[in-house]
Amino acid sequence: MKILKTLRVILAVLSITAITLVFVDFTGVAAGYLSWLPKIQLVPALLALNVVALAILAALTLLAGRVYCSVICPLGIWQDIVNYLRHIFTSRKKRRLGRFRYEAASTRLRIGFLIVFAVLLALGLAGVIATSLAGILDPYSAYGRMAGQFAVPLWRSGMSMLADKAAESGHFIIDAYPAAAAFNIGVLAVAIVTFVVTTSMAWAGGRAYCNKVCPVGTILGFLSRYSLLRITIDTDRCNRCGSCGRKCKASCIDTKNHIVDISRCVDCMDCIGACSQGAISFAPRRKATVGNPTSAPDTRRRAFLVGSTIMAGSLALRAADKATDGGLAPIKAKKPVAGSAPAVPPGAISVAHLRSHCTACQLCISACPNGVLKPSSSLNSFMQPVMEFTAGYCRPECTTCADICPAGAIKPISAEEKTAVKIGTAVVNPDICISAAYGQHCGSCARHCPTQAITMVKTDNGNKRPAVDETCCIGCGSCEYHCPSGAAGQISASTAAIHVEGSSVHTVI
């Protein structure tokens with residue numbers, strides 16, 4: 001049976017490595033093979049109504065308990081890594097004594113966080129607030145923000161250094177990517193708080209965060225009470241040494257009464273490895289040996305509260321679904337035009353749809369190969385992706401964000417379909433256009449427009465200015481990105497002379 005722990009560790013290492021690669025690999029190779037990993041995370045699967053993923057997770061939990069928490073959830077695996085590091089830096093004497101002891105379930109605290117999460121999720125789905133506020137408690141999204149703000153900049157800085165070194169030698173095989181492309185002070189603050197809280201709780205109390213705060217852990221804990229396979233104690237073999245309880249990161253083994261609180265057990269298998277008598281096994285449940293330390297009235301109340309909050313979230317989700325519907329001129333680093341309407345990627349359907357489904361995991365922002373998606377700092381869309389065309393534009397053939405979004409905030413779309421989706425309209429400011437204001441030959445926006453929606457027309461003073469055909473413009477932002485305003489002539493503007501005003505609801509042209 002001890003091989004189960006080894007197998008669990010191997011799968012967990014592969015899982016967190018793979019999901020981290022999806023975030024840090026800006027080449028798109030990892031996403032091409034591993035984009036299914038974020039889509040089987042519980043909260044994104046719920047928001048996307050991914051019936052297959054939800055059925056698999058429910059069946060897995062009913063079969064083997066909270067395996068999800070130890071093998072699939074990246075934040076749960078991160079806590080196991082912290083526990084392992086704590087074990088390494090602990091003296092041998094303290095290792096023998098063990099760090100953990102049985103604790104009664106913090107039922108009211110767990111239910112409280114679950115209710116807060118369900119209310120925030122329901123309000124987000126109803127369009128009252130951004131769903132990303134509920135996503136602060138989602139373990140997958142929490143890990144995504146940590147990866148996006150910590151690992152991604154480090155990885156890209158290293159790759160940029162390698163690219164620079166290779167370029168000095170005349171080799172351009174390695175491509176550079178801005179290290180701060182996904183950086184946002186608000187997202188960073190949330191990521192730091194999440195990191196400090198989860199890491200400190202793991203260092204001090206093992207899986208305390210999973211069993212006191214995490215709403216996903218509480219939901220799966222309710223289902224795992226009915227799991228077929230679970231940790232069981234053979235009372236005939238047990239000598240009451242207490243080793244299993246001292247090794248239990250979930251503090252859920254009552255060694256005195258031979259009881260395992262299955263709702264908190266995360267199937268780490270550490271107790272099996274700690275038992276020298278072979279008294280602990282992972283086997284079908286037996287009423288005589290496995291139970292739950294909570295009283296019957298409390299159990300019924302807890303089940304009612306959990307069921308009610310999940311149902312409330314599901315009803316809100318259904319209601320929301322019904323209601324939502326290379327030029328030669330130098331390119332200057334520009335700022336977004338203040339007050340412009342936000343644009344969201346093709347596949348998002350509308351601004352409201354994205355706001356109500358996105359948990360701000362930052363995966364689309366980290367994976368965007370064009371550097372167009374940025375985290376929002378606005379309260380009504382906090383940490384969710386918005387499009388800025390100052391450092392790149394949304395290439396018509398690119399569908400990366402739609403392919404990898406796990407929550408259904410950006411639905412899958414083909415490259416052919418994307419070219420006909422209007423996400424915004426280009427607007428010209430002739431006062432800072434070097435062609436219209438100063439008569440200098442430019443036309444960069446017209447040359448780079450992939451839909452040929454921009455033409456240069458003569459004005460009354462004889463100068464040429466861009467004219468936008470709104471029936472052809474899809475709002476890709478190529479014109480804004482390529483506009484040399486501020487880098488040529490007498491213009492010193494900080495913004496482009498042409499920018500995209502986003503559409504609140506996408507249309508097909």
message = Would you confirm whether or not the range 366-375 contains a residue that is open to solvent by 50 Å² or more (accessible area, probe 1.4 Å), within 28 Å of W36 (Cα to Cα) and outside any helix (DSSP H, G or I)?
response = yes
query = Which one of these is closer than 22 Å to F183 by Cα and touching a Lys or Arg at 6+ places or on another chain (Cβ under 7 Å): A402, A343?
reply = A402
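Take A467 and tell me if it is more than 32 Å from the chain's Cα centre (by Cα), among the aliphatic types (A, V, I, L, M), farther than 30 Å from I19 by Cα and in a strand (DSSP E or B).
Judged against the criteria, A467 is a match.
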remark   = Just one listed residue, out of L75, L62, is assigned to a helix (DSSP H, G or I), among the aliphatic types (A, V, I, L, M) and crowded, with 22+ Cβ neighbours inside 10 Å, and it is L75
task = Looking only at the range 13-23, decide whether some residue is of a type outside the set (A, V, I, L, M, F, W, C), touching a Pro at 6+ places or on another chain (Cβ under 9 Å) and either at pLDDT below 95 or open to solvent by 20 Å² or more (accessible area, probe 1.4 Å) (or both).
result = yes
message = With the requirement that a residue be closer than 19 Å to P215 by Cβ and of a type in the set (V, I, T), what does the range 36-68 give you?
response = I40, V43, T61, V67
note = Within the range 199-231, residues outside any helix (DSSP H, G or I), open to solvent by less than 40 Å² (accessible area, probe 1.4 Å) and out of contact with any Lys or Arg (no Cβ under 6 Å at 6 or more places or on another chain) come out as V213, C214, S227, I231
request  = Could you please let me know if A250 is in a loop (DSSP other than H, G, I, E, B) and within 20 Å of T90 (Cβ to Cβ)?
outcome  = yes
request  = Being within 25 Å of T20 (Cα to Cα) and open to solvent by 30 Å² or more (accessible area, probe 1.4 Å) is the filter here, so list the residues in the range 376-387 that pass it.
outcome  = S377, F382
request  = Of the numbered conditions (1) closer than 22 Å to V13 by Cα; (2) assigned to a helix (DSSP H, G or I), C268 fails exactly one; give the number of that condition.
outcome  = (2)
task = Scan (1) touching a Lys or Arg at 6+ places or on another chain (Cβ under 9 Å); (2) among the small types (G, A, S); (3) over 30 Å from R465 (Cβ atoms) for the single condition A391 breaks and write down its number.
result = (3)
request  = Could you figure out which of (1) surrounded by fewer than 16 Cβ atoms within 10 Å (Cβ to Cβ); (2) at pLDDT 90 or above isn't true of S276?
outcome  = (2)
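When you check I3 against the structure, is it at pLDDT below 95, open to solvent by 10 Å² or more (accessible area, probe 1.4 Å) and not polar (S, T, N, Q), yes or no? Reasoning before the result, please.
Details: at pLDDT below 95: yes; open to solvent by 10 Å² or more (accessible area, probe 1.4 Å): yes; not polar (S, T, N, Q): yes.
It is true that I3 is at pLDDT below 95, open to solvent by 10 Å² or more (accessible area, probe 1.4 Å) and not polar (S, T, N, Q).
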task = Using the structure shown, decide if Y68 is open to solvent by less than 10 Å² (accessible area, probe 1.4 Å), of a type in the set (F, W, Y) and in a helix (DSSP H, G or I).
result = yes
query = Got a number for residues in the range 324-357 being open to solvent by 10 Å² or more (accessible area, probe 1.4 Å), at pLDDT 95 or above and in contact with a Ser or Thr (Cβ under 6 Å, 6 or more places away or on another chain)?
reply = 3
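Does any residue of the range 421-437 turn out to be closer than 24 Å to A30 by Cα and in contact with a strand residue (DSSP E or B) (Cβ under 6 Å, 6 or more places away or on another chain)? If you could, list the steps in order and put the result at the bottom.
Going through the range 421-437, the residues closer than 24 Å to A30 by Cα turn out to be none.
Looking through the range 421-437, none of the residues is closer than 24 Å to A30 by Cα and in contact with a strand residue (DSSP E or B) (Cβ under 6 Å, 6 or more places away or on another chain).
The values are calculated or read from the model by the stated rules, or taken from the named source; none is laboratory data. Remember, predicted model here, so these are calculated numbers, not experimental data. Cβ sites come from the backbone with ideal geometry, for glycine too, and all protein chains shown count toward neighbours. The accessibility values were calculated without ligands, DNA or RNA, using every heavy atom of the protein model including side chains. Shrake-Rupley method; radii C 1.70, N 1.55, O 1.52, S 1.80 Å.
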